[in-house]
Structure formats: C-alpha cells, structure tokens
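The values are calculated or read from the model by the stated rules, or taken from the named source; none is laboratory data. Keep in mind it's a predicted model, so treat the numbers as computed, not measured. Here the Cβ positions follow ideal geometry from the backbone for every residue, glycine too, while neighbour counts run over all protein chains shown. Surface areas here come from the heavy atoms of the whole protein model, side chains and all, with no ligands, DNA or RNA. Shrake-Rupley method; radii C 1.70, N 1.55, O 1.52, S 1.80 Å.
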Amino acid sequence: MARITKLDDIVSLCKRRGFIFQSSEIYGGLGSCYDYGPLGVELKNNVKKAWWKSVVQMRDDVVGLDCSILMHPLVWKASGHADKFADLIAECKKCNTRTRVDHLTDHIEEHTEHISIDAVLAKAHDLSNKVCPNCGAVGQFTEPMPFKLMFETQMGANVDDSMTLQLRPETAQGIFVNFRNVLDTTRVKIPFGIAQIGKSFRNEVTTKAFIFRTREFEQAELEFFCEPGTDEKWYEHWKEARFNWYINLGLKKENLRFREHDANELAHYAKACVDIEYKFPFGSGDWQELEGVANRTDYDLRQHQRGMRTLNKWFENNRDLTNIELADEAEDYQCGPLSYFDDEKKRRYIPYVIEPSAGIDRSALAFLVDAYDEEEVRGERRNLLRFHPALAPVKAAIFPLVKRDGMPEIACNVHNELKKYFNCFYDEKGAIGRRYRRQDEAGTPFCVTIDGQTTEDNTVTVRERDSMEQVRVSTGQLLNHLREKLEA
Ligand code: GAP
C-alpha cells in the first residue's frame, strides 16, 4: 500500500513542480499522452544525453543516426509488424471494455505480464474465469480478436500519389534500412553498432501507470552488428553494460534484476532475450520491464532483402500492400545487398544483431521513483529527489540571502558565470529555508547562497542536497568546486 502511495506522490509532485502534465489538459486531457514541463524536459534530455554518452560517445564501435518517423510501407511488411504487430483482445459483454487477453487476471489472481503476442496466440483461450478490470464481471468476454497496434496516417495531397503510412512502432527498423548507407559512408567494421533515440507510437490497448506505458513514447535503441558465432558473447556484453548504466546513474541495485525470456515467450525474430526489470511501485508483483536486450540474429537484414525484392510487385499492385506476399529469399542471400564483406577473412555474410532497447520515458519514471524520498528534518517533512547529478534538471540554484546590501547583484554575477557551464536557477523570493526545500523537491544537487560574509571575504556557502551540509567556498573556486562534484 505504501508503495502505491509513493507513485501517487510522484504523480502529484510531477504536476506541482512542472515535471510532467497530462496532454491537452485544458481540454480535459488526452488519454495516456503526456507533456514534459520545464523540469521534466531537462530530466528527459539528461536521460537521453547519458544514454548517448554511454552508448555512442564513449565507444569507438558505435555511430549514431536519426531517421524519419514515416517510412516506406514495405519496411513494416518486411519487419513483420504489418502482419504480426497486434495484441489479442477480448471485449467485456457487460461494459464493452476491451482488454489485452494477456493482461486479464483470473478470478484467483495470476501474474500475466510479459507474455508475448505469439505465446498468447498459441494458448487456448479459456476466459471463463477471467475478470473484467473495468466492471469486475467474471467470464463475460467475447471471443479474442487481434487488434493492430500501429497508427495509420495518409501521406500526399493527390489521390494518385497519396498512400497510407504507419507511424513507426519502434526506432529499430530505421537503423536496419540504413545499414548499407552507414557501411558505405563511414569506416565502420564489424563488430559495430548504430544507435538512435526517437519517438515511437503504439495504439496500446491497455495503457498503464502514468508514463510507464503510453501511446507516444521515446525509445533509445542500439543495433549492434556482429559476426555470427560471436553473437552470444556480445549478448552477454550488452546485458552487463546496460544493467550497469542504470546502477551508475543511481538506481538502487536491489530494485533492478534480469529476467531471461522462456523459449515460448521469445518474439519470432529472437534467439534470446532478457528484460532488465525495475521494481516499480505498482502492478502485479511490481517487477516490470525497463529495457529489453535481444539477440535478433540475422532476421531483420534478411527480411529487408526480401522486402527490396518485393518492390516491383508493390508498384505493379498500384503501391498497395493488400494481398501482397513478401518475395522469397534469394538462394544466395548471404551475398545480398545487406550483406557484409569481411576483408580479412575474405568472407561475406549477413551479420547477427544484438539489440538493447530502452524506453526513455520509462527510464525517466524509474529514475524519478528511485530518487524520490521523504524525511523529517527538525520536525518538518522534507520531500526530495536524490537524482544523480548527471540527471538533475538543475545543477545549482543561486540565492542572495536577502534582497539588499548588494547581495542580489553578486548573486546575479555568480549565476551569469555558472550558467555558461550548466543549468542553473536564480531565486531571491521567500525565506531561505523554503528556497532550499523547493530545490530539494526539484532534485537540485547544490544551492549556492550569497550572504553578509560574501561582501567581506568573497566566499559563498554551498549546500549539498542529500546531506544538507554547507561549506564555504571562495567565488574564484566555485566553478571548479561544483564541476568536480557534479562530474564525480
Ligand atoms: N525494438 C524492440 C522493441 O521495441 P519493446 O520491448 O517493444 O522492444 C523496448 O520496447 C522498450 O521500449 C521497452 O522496454 C520500454 O522501455 C519501451 N516501451 C515499449 N512500449 C512502450 C510504451 N507503450 N510506453 C512507454 N515505453 C514503451
């Protein structure tokens, strides 16, 4: 119960302090879509920066990419999404609510998260004991039916050149279709990865818990191409690297775990898959997927070679995918357009792919939940976000103790100097204690106060958020002092 209250507390803090708002709130809100406010956008940008730094910038074997959201319709035919990306749903005959079959719980509670659509399809569907999550009716469901998850849109103004496109449900396919471009224009050699951060869209049947599962969200995905036979080694490598990324950014180890997928749970393209799970304060059993790491084998590149061979058929069919089957694979597919030639081994092959796929919004939620704390200080409740400095939206707040005696002028100078290097905030309103509390709640690691002593000896106080300890630092040393602490 206490942990559920914690999520409510976070939702209310996010609203109160401008982290996250309901989308289109003045019109009554749009279901499961959210907007990031002034503090939220900084947090989210910092999560993306930390991911990019770790996955791209700090490595010599990964390059970045930023693809368009709208892609050729054949991309989704080849990837399997056009035919398979659906949830199996059943409708409650009493209240007409549609629910994912794998999310329905038995009359006696049963853990149903993490069952893939393939596994759900393969199972017999006895819904006689299942409970409608909306009205509580037991066993009152229609026959299960597939529900497509991709959003459709129209492109083009003229009848003869317009076509139906899908908003991408994952960023990964943009990487696969650019594999050849990156190979031909850079000096990458296998093993290497292509990384991308961007929006994805899924018309989720059941949305969930604030920004955990939404219809528009951001993904950070890496497709790491390697020689077949080395894939298991790289799978282990990325499992560890991604797990440690969360720990290094401050998530508590006891709240993170791996969950390896069973064979019957694996997506059609995967040889192995593990979820990095976080103990979120909601849901059955609390543990929920934060990120997936999958061994996708050579599936995607082979499928896109088939997609390229289908192009003529698609033109002949008036650029319509209806009733079009994907072309067969060429006999010499290992030498196809998306193959790789190893100069040293003089061998051509289709690379295997290891894919760590993270959700930026879901990670931001985990960082918020994990950082959230309440404590009693001198008889008063203190709410704080113990963010890692790299994630904190504001790195330092600058306050004049009072609005006179030259203190605001000095504080403004300090602020103007520090903001060249990191995100800072200036505040001169209200009692100093209240200003500290507001910054604690925003997760600001340091508060710098200009007081009477500053005018005498050029020192300021630097207060640290978690310990509330204060030290005096000379204004000349302030930037170095803060940078050392922020980068530690
Ligand atoms: N390319 C593989 C892929 O997309 P996924 O498990 O469907 O795999 C990867 O998604 C990650 O994207 C998830 O672990 C989660 O963090 C995030 N994600 C997926 N669907 C989401 C949704 N509806 N809302 C928020 N995040 C989502």
Check your understanding: How far apart, in nm, are the 7 Å Cα→Cβ label points at Asp66 and Glu240?
Key -> 3.4 nm
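Roughly speaking, what is the stretch gain from Arg472 to Glu409, that is 0.36 nm per residue apart minus the C-alpha to C-alpha distance, in nm to one decimal?
Length gained, Arg472 through Glu409: 20.8 nm.
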Practice item. Treating cross-link reach as a plain straight distance, find the lysines whose alpha-carbon is under 16 Å from the alpha-carbon of Lys189, omitting any fewer than eight places away in the same chain. Key: Lys345, Lys346
Revision key, fill the gap. HN-Hα couplings for the range 62-69 via Karplus (6.51, -1.76, 1.60; θ = phi - 60°), in whole Hz with x for Gly/Pro, come out as 9, 10, x, 7, 9, 8, 6, 6
Exercise for review: May I ask you to list the lysines whose Cα is less than 26 Å away from that of Lys15, ignoring any residue fewer than eight positions away on the same chain?
Suggested key: Lys6, Lys44, Lys48, Lys49, Lys199, Lys208, Lys252, Lys279, Lys395, Lys419, Lys429
Check your understanding: Name the residues of the range 317-355 whose amide N is less than 16 Å from a point 7 angstrom out from the Cα of Lys189 along the C-beta direction?
Key -> 340-349
Revision key, fill the gap. For the chain, the percent of accessible surface on carbon and sulfur atoms (probe 1.4 angstrom, ligands and nucleic acids excluded) is 49 percent
Review point. Among the lysines, which fall within straight-line cross-link reach of Lys313, defined as a Cα-Cα distance under 27 Å, with same-chain neighbours fewer than 8 residues apart omitted?
Key: Lys77, Lys84, Lys148
Exercise for review: Go ahead and run the numbers for FRET between Phe21 and Lys271, Cβ-Cβ distance against an R0 of 56 Å, rounding to 0.05.
Suggested key: 0.85
Study note, to complete from the structure: In deg cm²/dmol, rounded to the nearest 500, the helical mean residue ellipticity at 222 nm of the chain, built from -39500 (n - 2.57) for every DSSP H run of length 4 or more, is -9000 deg cm²/dmol
Exercise for review: Using the Karplus curve 6.51 cos²θ - 1.76 cosθ + 1.60 with θ = phi - 60°, work out ³J(HN,Hα) for each residue of the range 471-485 in order, rounded to whole Hz, and write x for Gly and Pro.
Suggested key: 10, 9, 10, 6, 4, x, 9, 4, 4, 4, 4, 5, 4, 4, 5
Revision key, fill the gap. Two pseudo-spin positions, 7 Å from Cα along C-beta at Asn318 and at Glu380, lie apart in nanometres by 7.2 nm
